[in-house]
Amino acid sequence: MAEVKVKVQPPDADPVEVENRIIELCHQFPHGITDQVIQNEMPHIEAQQRAVAINRLLSMGQLDLLRSNTGLLYRIKDSQNAGKMKGSDNQEKLVYQIIEDAGNKGIWSRDIRYKSNLPLTEINKILKNLESKKLIKAVKSVAASKKKVYMLYNLQPDRSVTGGAWYSDQDFESEFVEVLNQQCFKFLQTKAETARESKQNPMIQRNSSFASSHEVWKYICELGISKVELSMEDIETILNTLIYDGKVEMTIIAAKEGTVGSVDGHMKLYRAVNPIIPPTGLVRAPCGLCPVFDDCHEGGEISPSNCIYMTEWLEF
């Protein structure tokens, strides 16, 4: 007599446990999870059970459903903002979702209009309402002085929006940058002089004259010349300008993981250098870099006799 194989169906999981596990996964991955992630974490749960649990969480307002390049994403909803959005109509929720997706780079009202297909007057009304609730804020962008971008109220704007440490109220702080440039170079010069005075062999002197960007950053922070908090990336930007000016050279060395100032097992080192060949007179003269050189002639509106830059150069 042939054996009869009976397929045993696994017992249905507790729906509450499934929902709690999905919530836990969303907390582990705050940027969102896909259905594949849920399936990998709960292989014993049938697709229909997962769908029921997800739909229930969406209907209860505990999850947000987003679209990405990889498909649908489920993300935990901010309970504070969810409470503030209570009573809002679908149009207001749509605009808020578009602004939220823009992150800390923000989004222009024109792009909100394009993505939402709402009239501009309606969008302006919604934006004012969301601003009054302190759910979003308007930030002026250095890329376009007359335009504002919108982002969530609690976000810190990206450097591409504010210009970083080099901008104040959309104005480029050229004097501040120049002071930082001088102080960074002074620090590297002092280190190079100390290395030369050590009277050791040339190779040791050369190696001792290098300083990491972290050392330069620490020196600038201790000086207290900046009203804003500077990052190592900011200091490396200044050091790069010194490299372009031929005053500093950079080398990259391997560093142990966890070493202060190292990134991905590498460390940037800088040292002050003296130019091998002094610049020629034409390069040092303002005429060599003058953008209106072709329009300059004696008797004209622009001429060497009334050029303030030429006067300053001759006095120098």
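Miscellaneous remarks
- A straight Cα-to-Cα reach below 14 Å connects residue 115 with the aspartates and glutamates 92, 100, 101, residues fewer than 8 places away in its own chain not being considered.
- Cβ-Cβ distance of residue 128 and residue 29, R₀ of 41 Å, FRET efficiency by 1/(1 + (r/R0)^6): the value works out to about 0.75.
- Annotation: amide H of residue 212 within the under-5 Å range of 270, sequence separation 5 or more or interchain, hydrogens built in the peptide plane.
- Percentage relative contact order, the stretch 115-237, counting C-alpha pairs under 8 Å, at least six apart: 15 percent
- Per-pair calculated FRET efficiency, R0 = 45 Å: residue 36 and residue 204 via Cβ, rounded to 0.05: 0.20
- When all protein chains stay in place and ligands, DNA and RNA are ignored, the 1.4 Å accessible-area order of 75, 206, largest first, is 206, 75.
- Computed E for residue 259/residue 309 - FRET, C-beta separation, R0 45 angstrom, nearest 0.05: 0.45
- Percent carbon-and-sulfur accessible area, the stretch 87-132, ignoring ligands, DNA and RNA, probe 1.4 Å: 46 percent
- Cβ-placed point charges (K, R +1; D, E -1), dipole of the stretch 87-163 about Cα centre in debye, nearest 20: 360 debye
- Surface exposure of the stretch 87-163, expressed per residue as accessible area with a 1.4 Å probe, stands at 60 Å².
- Solvent exposure, largest accessible area first (probe 1.4 Å, DNA, RNA and ligands not counted), of 293, 185, 29: 293, 29, 185
- Protein heavy-atom accessible surface, 1.4 Å probe, per residue over the stretch 15-77: 63 Å².
- Surface composition of the stretch 174-272: carbon plus sulfur atoms hold 51% of the accessible area, using a 1.4 angstrom probe and ignoring ligands, DNA and RNA.
- Accessible area (Å², 1.4 Å probe, nearest 10) - residue 137: 50 Å²
- Listed residue pairs exceeding 30 Å between alpha carbons, taken from 227/268; 147/247; 133/218; 148/247; 137/218; 218/247: 147/247; 133/218; 148/247; 137/218
- Under 11 Å, Cβ to Cβ, from residue 263 - net charge with Lys/Arg +1 and Asp/Glu -1: -3
- Judged by the gyration tensor of its Cα atoms, with axes a ≥ b ≥ c, the stretch 125-266 is prolate; a/c meets the 1.5 cut and a/b is the larger of a/b and b/c.
- Taking a straight line from the alpha carbon of residue 186, these aspartates and glutamates sit under 18 Å away, with near neighbours fewer than eight places off in the same chain left out: 175, 178, 197, 215, 222, 234, 236, 245, 249.
The values are calculated or read from the model by the stated rules, or taken from the named source; none is laboratory data. Not measured: the values here are computed from a predicted model. Please note: Cβ atoms are built from the backbone with ideal geometry, for glycine as well, and neighbour counts cover all protein chains shown. Heavy atoms of the whole protein, side chains included, go into the accessibility calculation; ligands, DNA and RNA do not. Shrake-Rupley method; radii C 1.70, N 1.55, O 1.52, S 1.80 Å.
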